[in-house]
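*Asks:* Quick one: the structure is below, and I'll ask about it shortly.
The values are calculated or read from the model by the stated rules, or taken from the named source; none is laboratory data. Just so it is clear, the structure is predicted and the values come from calculations on it, not from any experiment. Positions of Cβ are generated from backbone atoms using ideal geometry, with glycine treated the same way; all protein chains shown enter the neighbour counts.
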């Protein structure tokens, strides 16, 4: 309890003198923890050395002076560091503020620029749509003067559109130039800030180094003063302890001499008493030794007699053990031989059963796989048949539609030839085949579907399978048993041999039955290929149908078409020559127009006014 109170007082005094653990400053909290740990260690050392409370208080006061100096130095240095950091970071704060303001300005300029671009894009789109609409109107004009006016207006609109675009580009380039100038200025300002920050940091480093040296000198002086005080106090304590030690040694020597005299008197008394007791014990022990020697001789005689009896019994037991060992080895060899025979029989029987099961499983898997392949093949056949029928119908409809369109075109051409070229009345021929649509459906014989064919085939296979299972294995089926199995079964009784033979025959019979069922299915499938057919299509009427479409225009009309084609070709040649002459005439007109324009420019030129005889005067005199 006294130690706890001393530790509590020490903690309270340390908290009052130094920094607090509950402070908001992390450096002050760290210093407080260090002081508290140092105070605990110091208190523990004081308790171990057994110092009194007065000495502890004096040392505590002295230690508190040095600790107070350290704490004050730490506080001053932390204050200097925070002031220096604030002085240096002010530049960074100002730079961050400028960067934030610049970012806000850039975002606002970007927003305005985007709005300007969107407005310009909308106006450009409206102008472009107006130009596009006027192009449509201009294409509809046929008079050259109107066409020229339309082109001039279109050029003006295009020039306005390009001028707006160029104006926007110049504005954006100006903004880009201003941004570049601002960026250069920012770089210069940042370089100046960096130089200023470096200069302040160097000044702070120099100032802190000087402050650290001053504080370190003060701390060293305080510790040196404390060291001198501790040396003086410890030297006084040492002299006092040495004096106390000499006094205690002298007192211990006097007490030791007194105890030695007392121990000598006590030893003499004990020596006399022990001599008398020793003589009595010696006489008693000699008597006991003689009695024990007599008993030992008796025990030796008894031991010799028992040893002879034990040797005889040992020889008898050894002989019996040898006989038992021989009998046991014979029985073990016999058991081992019989066990080997049993193990061999079990292994062979297990191998035979495993082989039979594997063969049966393989045949079952083959049967399942073949049936799945068969069903998959039938499914594919039905699928491909449906696809082929669908494709045939689609191709038929496509060709039929194309041919009908050609027929209508030929009839329309025949109508135009009769009405426009020949001036005759035209009558549409009767075409009943044009009303039909899709492939022809002739009468076919009833055929079995694929599903019915598969059902009949499966019924045939299952019937053969049931017939093969209806006959049980007869006794003459002994050929299904291997000779090795017969040799293995020879040591067994007749009933057990019969059971093993029947098991082997049944196992092989199931395998043979599965193979027979597969053979029946394959044979039935090979003998009935017509059951799997899906039916063909009769195309005897198709040729007549297509030939009827080809004979829509009779031979007499084709001859009329030939004569008309010859006359139209000649007429086409005449029109071609006429078109060529018109082109040449238009070219000459264009050349005359260009010559007139050149002549007009030449006459109205300023150079002609400087000549002594202007060309226009010559042109006026020429008619005279």
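*Asks:* What number of residues within region 402-449 are assigned to a helix (DSSP H, G or I), at pLDDT 75 or above and closer than 18 Å to residue 555 by Cα?
*Replies:* Taking region 402-449 as the starting set, the residues that turn out to be assigned to a helix (DSSP H, G or I) are 402-422, 432-435.
Those left that are additionally at pLDDT 75 or above: 402-420.
Adding the requirement that they be closer than 18 Å to residue 555 by Cα leaves 406-418.
Looking only at that region, the number is 13.
*Asks:* Given 168, 187, which one is under 29 Å from residue 109 (Cα atoms), in a helix (DSSP H, G or I) and touching a residue at least 12 places away in the same chain (Cβ under 8 Å)?
*Replies:* The unique qualifying residue is 168.
*Asks:* Continuing with this model, one more query. What residue, of 208, 172, 187, 168, is more than 30 Å from residue 120 (Cα to Cα) and surrounded by 12 or more Cβ atoms within 10 Å (Cβ to Cβ)?
*Replies:* Going through 208, 172, 187, 168 in turn, the sole match is 208.
*Asks:* So which of 348, 379, 334, 354 is surrounded by 10 or more Cβ atoms within 10 Å (Cβ to Cβ) and either at pLDDT below 85 or in the same structural domain as residue 546 (by TED's automatic domain parsing) (or both)?
*Replies:* Step by step, each of 348, 379, 334, 354 is checked, and only 379 is surrounded by 10 or more Cβ atoms within 10 Å (Cβ to Cβ) and either at pLDDT below 85 or in the same structural domain as residue 546 (by TED's automatic domain parsing) (or both).
*Asks:* Under 8 Å by Cβ, and 6 or more places apart or on different chains, what pairs join a residue from region 77-106 that is closer than 30 Å to residue 214 by Cα with one that is modelled with pLDDT under 80 and not in a helix (DSSP H, G or I)?
*Replies:* Within 8 Å, the pairs are 78/25.
*Asks:* Still on this structure, please answer the following. Could you count how many residues in region 400-423 are closer than 20 Å to residue 544 by Cβ and loosely packed, with under 12 Cβ neighbours inside 10 Å?
*Replies:* 2
*Asks:* Being free of Cβ contacts under 8 Å to residues at least 60 places away in the same chain, surrounded by 10 or more Cβ atoms within 10 Å (Cβ to Cβ) and over 30 Å from residue 419 (Cβ atoms) is the filter here, so list the residues in region 540-579 that pass it.
*Replies:* Residue satisfying the conditions is 544 alone.
*Asks:* Go through 147, 231, 125 for me and flag whichever is in contact with a helix residue (DSSP H, G or I) (Cβ under 7 Å, 6 or more places away or on another chain) and either farther than 30 Å from residue 103 by Cα or assigned to a helix (DSSP H, G or I) (or both).
*Replies:* Working: 231 fails: in contact with a helix residue (DSSP H, G or I) (Cβ under 7 Å, 6 or more places away or on another chain); 125 fails: in contact with a helix residue (DSSP H, G or I) (Cβ under 7 Å, 6 or more places away or on another chain).
From the options 147, 231, 125, the qualifying one is 147.
*Asks:* Follow-up question, since we're still on this one. Go through region 113-147 and report how many residues are exposed (fewer than 12 other Cβ atoms within 10 Å of the Cβ) and under 43 Å from the mean Cα position of the chain (by Cα).
*Replies:* Total satisfying the criteria: 3.
*Asks:* Regarding region 30-44, can at least one residue be identified that is modelled with pLDDT under 60, in the same structural domain as residue 207 (by TED's automatic domain parsing) and part of a helix (DSSP H, G or I)?
*Replies:* Looking for residues that are modelled with pLDDT under 60, in the same structural domain as residue 207 (by TED's automatic domain parsing) and part of a helix (DSSP H, G or I), one finds none in region 30-44, hence no.
*Asks:* Follow-up question, since we're still on this one. Please tell me if residue 199 is free of Cβ contacts under 8 Å to residues at least 24 places away in the same chain, closer than 30 Å to residue 90 by Cα and more than 47 Å from the chain's Cα centre (by Cα).
*Replies:* Judged against the criteria, residue 199 is a match.
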